[in-house]
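One structure below.
Where a number appears in this text, it was derived from the coordinates with a stated rule and is not lab data. Here the structure is a predicted model, which is why all the values come from computation and not from measurement. Glycine also receives a Cβ, built like all others from the backbone with ideal geometry; neighbour counts cover every protein chain displayed.
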Amino acid sequence: MSEWLIYRGTGAPHDGMERLPEPPPWREFDGGPPVPPPAALEPSSERRLGQRRREASHHRPSTRECEMVNAALYLRRPLLVTGQAGSGKSTLAHSVAYELGLGRVLTWPIVSRSTLRDGLYAYDAIGRLQDAQLERATRRPAADPPDAASPARADAADEPGGGIGRYIRLGPLGTALLPSARPRVLLVDELDKSDIDLPNDLLHVLEEGEFTIPELERIADRAPVVEVLSDDGTKVPVRGGRVRCGAFPFIVLTSNGEREFPAPLRRRCIELQLPVPDRARLTGMVRAHFPEGDDERFGELIDRFLAAGAGDVRAVDQLLNAIELTRQADWDPADGSARRVTEELMRPINRPR
């Protein structure tokens with residue numbers, strides 16, 4: 001049965017994406033031509049995965065996690081991941097990108113004011129107006145009378161569409177939906193922090209794999225292809241004011257479980273509930289981030305971290321901070337001062353001070 005797994009969660013890059021079957025007929029998308037592949041992983045991914053990720057044999061997704069990730073890959077559906085803070089939800093997106101060689105992870109951190117358009121694109125209309133005014137003011141001195149026989153200087157304002165592409169930048173979701181030969185990885189982090197409308201607003205885009213940019217659609221007869229800036233910082237062509245994917249992106253929607261999502265969104269996603277990390281998983285995370293042997297040296301800290309009271313919530317970051325400070329200060333973990341400081345660092349985040 002394991003032979004069907006494209007993503008294996010081993011922490012070692014491989015060419016498994018070459019074995020991914022064609023999408024189901026109802027999830028086929030025909031966007032194109034493909035844009036250039038993205039850059040390699042950024043330092044932020046390296047930090048999340050840990051410097052010793054290949055050696056951390058225990059720092060691996062469970063069998064169920066691997067199965068749900070692969071279900072999302074096969075079916076071209078978003079993966080809705082729910083779990084406590086620090087349980088590894090966002091790290092999963094970086095792990096998939098690293099192992100399958102899918103390049104830089106596009107990240108859309110959600111806040112209460114986030115809108116669908118924030119994820120798709122931004123249009124700097126004010127900047128365009130200011131540049132146009134400046135161009136008109138500097139094109140010819142005010143005292144210089146216009147000369148009908150003199151040819152106008154060619155500049156961005158004379159381009160079809162008035163150089164509008166310089167003022168449009170695709171967001172993380174918009175960039176993920178660009179036509180590409182291989183799926184991009186998009187992390188939509190903490191979707192439960194959004195206002196009530198955003199989950200429903202996502203439905204059409206996630207189902208159709210496309211969106212329009214009205215500012216470009218209106219001038220498509222004069223400027224059928226306009227280059228805009230992507231979230232990667234590169235220029236990409238948009239044809240007819242419409243962006244449509246070729247390979248549906250691997251999208252990870254994370255939630256801390258603070259709210260219920262509407263049924264229409266949930267039925268469009270593969271759902272995965274991450275358990276609270278146990279000792280084996282915490283040990284693997286420590287092995288991924290710290291020198292060899294530190295998982296044994298700081299075993300007491302791991303045990304204290306796990307000894308939470310009923311209802312207490314702790315994030316793995318708190319444990320890593322406690323271990324790092326103990327290492328840097330060269331403390332004995334059992335020392336009184338060390339215990340006081342590390343207890344404070346690992347205080348349950350849902351407990352008032």
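If R0 equals 30 Å, the separation of the Cβ atoms of Glu22 and Leu203 corresponds to a calculated FRET efficiency of about 0.75. Angle of helix 336-345 to the longest C-alpha principal axis of the chain, folded into 0 to 90 degrees and rounded to 10: 40°.
Protection proxy ranking, highest mean first, for peptides 18-24, 288-294, 102-108: 102-108, 288-294, 18-24, where packing is the per-residue count of other beta-carbon atoms within 10 Å, averaged. Sorted largest first, the spans of the alpha carbon positions of the stretch 279-345 along the three principal axes are 32, 27, 16 Å.
Over the chain, DSSP H runs of length four or greater, each weighted -39,500 (n - 2.57), average out per residue to a 222 nm ellipticity of -10000 deg cm²/dmol. Placing +1 on the Cβ of every Lys and Arg and -1 on the Cβ of every Asp and Glu, with no other charges, gives the stretch 279-345 a dipole of roughly 220 debye about its Cα centre. Per-residue extension of 0.36 nm, minus the Cα-Cα distance of Ser2 and Arg347, leaves a gain of 120.2 nm for this segment.
May I ask for the angle, rounded to the nearest 10°, between helix 316-329 and the longest principal axis of the chain, with both axes built from Cα atoms and the value confined to 0 to 90°? Taking Cα atoms only, the helix is inclined about 70 degrees.
If a spin label sat at a point 7 angstrom from the Cα of Leu75 along the line to its beta carbon, the backbone N atoms of the stretch 264-279 nearer than 20 Å would be those of 264-275. For Tyr121, the residues whose amide H sits under 5 Å from its own are Gly171, ignoring neighbours fewer than 5 places away on the same chain, with H placed 1.01 Å from N. Using a Förster distance of 45 angstrom, determine the FRET efficiency expected from the C-beta separation of Ala40 and Ala310, and round it to 0.05. With a Förster radius of 45 Å, E is 0.50. Per-residue Karplus couplings for the stretch 200-215, computed as 6.51 cos²θ - 1.76 cosθ + 1.60 with θ equal to phi - 60°, are listed in order as 6, 5, 6, 4, 5, 5, 5, 7, 8, x, 7, 7, 10, 10, x, 4 Hz, Gly and Pro entered as x. For a quick check of your reading of the filter: which GluC sites (Glu not before Pro) in the stretch 63-132 sit in a DSSP loop and have no more than 10 other Cβ atoms within 10 Å? In loop regions of the stretch 63-132 (DSSP not H, G, I, E or B), there are no sparsely surrounded GluC sites (Glu not before Pro).
Provide, in order from the shortest bin, the percent of all Cα-Cα pairs of the chain in each 10 Å bin, continuing until the bin that contains the maximum pair distance. For the chain, the pair-distance distribution reads 5, 21, 26, 21, 13, 8, 4, 1, 0.
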